[in-house]
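Peer 1: I am attaching a structure below and will ask some questions about it afterwards.
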Amino acid sequence: MVTSADGQEYPVQVGGRTTKSIVMGVGAVALIVLFLFPLFGVTDWTRRLVEFFCYLAAAQMWNLLLGYAGLMSAGQQAYIGLGAYTVWFFADIVHINPLLCVLFAAITGAIIAFPAAALVFRLRGGYLAIGTWVIAEIFRLIFSSISQTGGGAGTTIGAAAQMAQTKGVDGWYSQVYWLALAVAVLTIAVCYLLLRSRTGLALKAIRDDDLSAESSGVNLWRTKLYTYIIAGAGCAMAGALIALYSLQVRPGSAFSINWTAYLIFITVIGGIGTIEGPFIGTVIFYALRETTSKYGTWYFIVLGLLAAVIAIWSRGGIYGWILKKTGFTLFPLQRRVGFGRSEKPPSPPASEGGGGAATV
Amino acid sequence: MDWVNTIVSGILLGGLYSLFAVGLSLVFGTMRLVNLAHGDLTVLPAYVALLMVGSAGRFNPLYAIPLTMVVMFGFGYLLQRGLLNRVVLKGDIIGVIVTFGLSMVIMNALQQGFTANSQGLDAGKIENLSITVTDQFAIGWLPLLIFLLAIVVITALQLYMGHTKMGRAFRAVSDDTDAARLMGINTKHVWAVAMAVALLVVSIGGVIMGIRTTFSPLLGTDRLIFAFEAVIIGGMGSLWGTFVGGIVLGVAQLIGAKVFGSPFQHLVGHLVFIAILAFRPQGFLAKTVTK
């Protein structure tokens, strides 16, 4: 509810009824199909989808940081790697069921994110990005020098490998698959619910202009901190799943800056600051990876060029373009003030990019 | 004597870091752009020199330094006018994404063209010449040359910024772009010159390091991070601060390597940086206040 200057109150609506039913319908069907998928046998596609879910989850988290809190992180690989090593620690040393370790990874990610935030938040903009990168480098160097985890060569996650052997390929990978699906759905749900909440409104205000957000009573530091912690936990879960999927962890790849390259590419291509964007971006990233990653360096050159070109010439990415053309939203997040009588049915969703319905 | 050796080597190494860092600092100072491709742009001149030495038939790479500086100056100008001017003033995020993309392109293009293997520039005897102070303590000529050049470059930049028309334009554009534009300054040209000067400066260190040790396209990451750490440790906006920051980092790294072994060189450097970020976030000689 907002109050205008003359004291009249207008309802504020988040999303619209029509879009809600579309989300429910499409989402439910897609989820059921994805959920039943491994029952038809573990194939290459099951494995691809496990990775797909991990990238999607990490990209959602990165998008939450960049697209909403305005935090440009070049160091989410710190949490991806920490998640992977947390699985190793709790599965091989503490002897906990490896699948449960994903939960511990999330906790570890959140705990490490707190002091890390206190440090890097002293920097701003691009320097913050390099600051997060330094933190990831520190973890990479530490884990490269620990002999218990095999140093730079890495280690296999023994308990998980054993479990994979006893359960067989079908049993193990379908369980990892369901876990990955759950984590991907969880990250999307967290982003969606967070952005529709009061904190979400604060985040959008920060994204648009952090100084005016602060002067309107948004606690900048705390809101950014919460986001950074959530993103740390989410990326750690993605890293834990990658470790369970590959049954090994190596500091060079777990803490690799390539993660940031992938996350930047996915989010920028798909559309920064939307939940749908990273989804589209991950699909494109996958299509590109499956077809061109065998060309090695050329693949990275294309990724870098595309990200730079899209960032300069089409800030909204592919989803921004779709939104402009059709006004279609899967996850309605924008708030609209309902001018006129409240009994009136809500107008069809108007896009932030300037859809048709908002014009009077 | 061992310790003196370590500390002197650290100071000399710091000179190299500060040479890389002033380029990063200059670009950030004039256009508020954090150039994530900076590290790769310090590696690039070594390959430019390699091409020159290779194509002109075995001449000493030391002569390639001024030529490389000219090439990198031109490259920087064109890079800024052709691409990066489009991201200046569009906010931090676009700048970081575009320069990160550029970094990927440069690094992988170098790998494509020259493989990921280490290469070297052979300058003959000077590589191993050193001034022997005592039996256990000697200072290499090349590290000393880099260090002295760092001092010369920073002094020259300081004079350039303070006493020339273009230097004044740098500062004016940095303080208030719109006002500078109203006064008739061609901001696009000024930014391009700033990038060109930054790349000219880093190519000195880039080529000499190529002579002193080997280089590979993968070095860019570390160089970007070390340059950044030197800038933050020294305090943003101060060239001599960056010099001090580089020295602190260089000494910290070599002490770390001496105490814990060489795998810990970079880790100790990062940790000292983190400690300074925690306890003195404005750096040692900060001039600008950033909120």
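Peer 1: Quick one: what does P(r) look like for chain B with 5 Å bins over all Cα pairs, in whole %?
Peer 2: Whole-percent P(r) values from 0 Å outward: 1, 6, 11, 16, 19, 18, 13, 9, 4, 2, 1, 0, 0.
Peer 1: Ok, one more. Once you sort the root eigenvalues of the Cα gyration tensor of segment B:109-193 as a ≥ b ≥ c, which label holds: rounded (a/c under 1.5), prolate (a/b larger than b/c) or oblate (the other case)? All intermediate terms of the calculation are to be shown ahead of the outcome.
Peer 2: Details: a/c = 4.69, a/b = 1.80, b/c = 2.61.
Because a/c hits 1.5 or more and a/b fails to exceed b/c, segment B:109-193 counts as oblate.
Peer 1: Let me ask something else. Just to be sure I follow: if Rg is taken over the C-alpha atoms of the protein assembly as shown and Rh is the Kirkwood radius over the same atoms, what is Rg/Rh?
Peer 2: Over the Cα atoms of the protein assembly as shown, Rg/Rh equals 0.99.
Peer 1: Sticking with this one: Enter the angle in degrees (range 0 to 90, nearest 10) between the Cα long axis of helix B:239-260 and the first principal axis of the Cα atoms of chain B, meaning the one along which they spread out most.
Peer 2: 30
Peer 1: Also, I was wondering about something else. Using packing as a proxy for protection, rank A:221-230, B:163-172, A:275-284 so that the peptide with the highest average count of other Cβ atoms within 10 Å comes first.
Peer 2: A:275-284, A:221-230, B:163-172
Peer 1: How many partner chain Cβ atoms sit within 10 Å of a residue's Cβ in peptide A:235-242, on average, as a whole number?
Peer 2: 0
Peer 1: Identify all aspartates and glutamates with a Cα-Cα distance to A:K325 below 13 Å; exclude those on the same chain that are fewer than 8 residues away in sequence.
Peer 2: Output for A:K325: A:E352.
Peer 1: For segment A:20-256, treating each Cα as an identical point scatterer without solvent, what Debye log10 I(q)/I(0) comes out at q = 0.07, 0.10 1/Å?
Peer 2: For segment A:20-256, the Cα-only Debye profile gives -0.24, -0.49.
Peer 1: Per-residue mean of other chain beta-carbon atoms within 10 angstrom of the beta-carbon, peptide A:308-315? All intermediate terms of the calculation are to be shown ahead of the outcome.
Peer 2: Numbers: counts 15, 3, 3, 12, 9, 1, 0, 5.
The shielding value for this peptide is 6.
Peer 1: Among the listed pairs A:K224/A:K324; A:K324/B:K188; A:K204/A:K224; B:K165/B:K188, which are separated by more than 20 Å between their Cα atoms? Display every interim value, and only then the final one.
Peer 2: Values: A:K224/A:K324 29 Å; A:K324/B:K188 31 Å; A:K204/A:K224 11 Å; B:K165/B:K188 16 Å.
Violating the 20 Å Cα-Cα cut-off are A:K224/A:K324; A:K324/B:K188.
Peer 1: Tell me the label-point distance for the pair A:I93, A:Q165, using the 7 Å Cα-to-Cβ offset, in nm and rounded to one decimal.
Peer 2: Simple spin-label model gives 2.3 nm for this pair.
Peer 1: Calculate the mean, over all residues of peptide B:32-40, of how many other protein chain Cβ atoms lie within 10 angstrom of the residue's Cβ.
Peer 2: 3
Peer 1: What ranking do B:131-139, B:101-109, A:89-97, B:34-42 get when scored by the average of other Cβ atoms within 10 Å per residue, highest first? Show your work: numbers first, answer last.
Peer 2: Working: B:131-139: 11.3, B:101-109: 23.7, A:89-97: 16.1, B:34-42: 27.9.
Ranked from most to least packed, the peptides come out as B:34-42, B:101-109, A:89-97, B:131-139.
Peer 1: For segment A:137-189, build the convex hull from the C-alpha positions and give me its volume per residue in Å³.
Peer 2: Cα-based convex hull of segment A:137-189, divided per residue, equals 100 Å³.
Peer 1: Next question, about the same structure. Principal axis lengths of segment B:60-165 from Cα atoms, whole Å, largest first?
Peer 2: Computed over the Cα atoms, the extents are 57, 44, 26 Å.
Peer 1: Under a plain spin-label model, where a point goes 7 Å from the Cα along Cα-to-Cβ, how far apart in nm are A:I32 and B:H163?
Peer 2: Result: 8.1 nm between the two label points.
Peer 1: If you don't mind, another one. Suppose every K and R has +1 on its Cβ and every D and E has -1 on its Cβ; what is the size of the dipole of the protein assembly as shown about the Cα centre, in Debye to the nearest 20? It would help to have the intermediate numbers written out before the result.
Peer 2: Working: 41 positive and 26 negative charges, 225 e Å.
My answer is approximately 1080 debye.
Peer 1: Over chain A, what is the mean sequence separation of C-alpha contacts under 8 Å (at least six apart), divided by residue count, expressed as relative contact order in percent?
Peer 2: 30
Peer 1: Which translational diffusion coefficient, to the nearest whole µm²/s, is obtained for segment A:126-272 from the Stokes-Einstein equation, given a Kirkwood hydrodynamic radius over C-alpha pairs, 37 °C and 0.692 mPa s?
Peer 2: Taking Rh from Cα pairs, D becomes 184 µm²/s.
Every number here is computed from the coordinates shown, using simple stated rules; none is lab data. Just so it is clear, the structure is predicted and the values come from calculations on it, not from any experiment. We place every Cβ from the backbone using ideal geometry, glycine too, and count neighbours over all the protein chains shown.
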